[in-house]
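Data block below; observations after.
What follows is calculated from the coordinates using simple rules that are stated; it is not laboratory data. None of these values were measured; they are calculated from a predicted model. Because the Cβ atoms are built from the backbone with ideal geometry, glycine has one as well, and the counts that use them run over all protein chains shown.
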Amino acid sequence: MRAAAVGDSVNWGQGLDPRDKYIPRCVDFLREQGLADLDLTRADFHPHSGAIIGLPHHDRFPHYLGPDEVTNPSWYAQFFGEIPSATPTVLGQLRNIRDGDSVDLLFINGGPNDIGITDSAGFSAAFDAAMARIDSVAAERLPELLRTAREICPNAIIVYTGYYPALSPDSDIPFGIRLLSELNGWAPALAFLQIYWLLGELILWREHERLQDQGMAFHRRILARFREQIAAFNAEHSVELGPVLFSPSGLGARNAMWAPGEAVSPLDEDPAPRVTQIREGFCADVSRADLDESELIGTVSNQTICDIAYVAHPNVNGADRYLHELKLRLQQQYHFSLRSHLDGMVAGATSLRAVAKSYPFVLIDRLRGLTDLRWIDLVTVEYRMDDYVGPTRGGITSIAFDFGWGYQDLDYTYGRIASLELPRRRRVDDFKRLGIRFADFGNIQFNIRFDIKVNGYPLPSVFLNHEDFRQRGENRTWERNSLLAG
């Protein structure tokens, strides 16, 4: 059996010792689980730092350095992926897989590096541009990545590994770094602190508190939009081996840089100094070569960024969390049990019909499709409001939803879509009701629509107006004892 991998710095394992990278460790785990002949060779391990999904013409531009251009070719053979470069793109990496129909397991990721933002004119402008770019990259490039992966590796189990928040409200940024940022600006002082390191280009601003909040908002927007596209692909493409599996990172707000459960490397905690030393040699070679990637979203901005490329990438703890999530999903895929899936999704369910009745918003047309639905780890809710009559609306920045285990707030400060990650995974039949609550914003007549998606798969939309809500103190509330209409 044959495994292969493509993607960016996260799938590569940026800054980590090779023995700590989660994809090779996952293959080792599957061997221990009975797939003794599963093999991942160096020739089939394509991810590298800075890779964009890209467009077909992007791979015409210069790649990162080849073995003949570096000072230590023997090290380069093992650490080539440490050098940030937009190319080979992830699409190009897929095309470089030989005999793809013999690949049994394919790891893929990509997308955040395509969201390169260079506008430093203002905090809000840069952030708004990044958020809009997320939507376009998800809609335009991710589907092509999924189609190409399936075409090149038609017989493979394909697993897309998700991303994580580099900074969050739980990040306690050290005073010294805050001071440097105030004196010199984030980028000149540190050349690394951006809202999401995986962007590939620095987004410049100084308000670190807002940086923390928007870092989380950026992560949740990526998670929501990318998950939607994978779910849409799965609904459209029926394949014998089942859907493209989405494996979340397992990293939440408390695992960001300088957070209590830190699983992302900050500047002051190098996870593998030896790897950094080797990479610094390559970075000097890159600087001397003066690669011209002006027509790409260039990711080698300068040698300093290259030198500290481990920053804002998963550390060993983070790699362990990625591995844990991959184990859960791939173990159940290779050792598929219908009864186990049914019992896991709906308590007491003993038939596919029972599951389909409880989970009618997803077309379950093949048994292995259940693999993508066994655990619910993400709920996204997008709202649209119109037909205003009354005083000027102050805006909704927070809406609380109750899906059956109590109200939880979703943050709408940065747009009309918000995500609720569920680290304590929920089953389908945990979703017993739907409650909606938000602060009253005046005597306004309105229509509002809620589009709810679970693991990226849509529920029927909920259409309400001002008369449907009850006034309870300072809040407006609407509740129904079922997640679905009827």
Where the centre of each part is set by its Cα atoms, how far does the range 76-110 sit from the range 401-458, in angstrom?
38
Given labels modelled 7 Å from the Cα in the Cβ direction, how far is it in nm from Asp386 to Asp468?
1.6
Met1-Asp409 pseudo-label distance in nm [points 7 Å out on the Cα-to-Cβ vector]
4.6
Which of Lys453, Lys432 comes first, and how do the rest follow, when ranked by fewest Cβ neighbours within 10 Å?
Lys432, Lys453
What spacing in nm lies between the two simple spin-label points modelled at Gln331 and Gln445, each 7 Å away from Cα in the Cβ direction?
5.8
extent check for the range 376-480: Cα max minus min per principal axis, descending, whole Å, gives 41, 25, 22
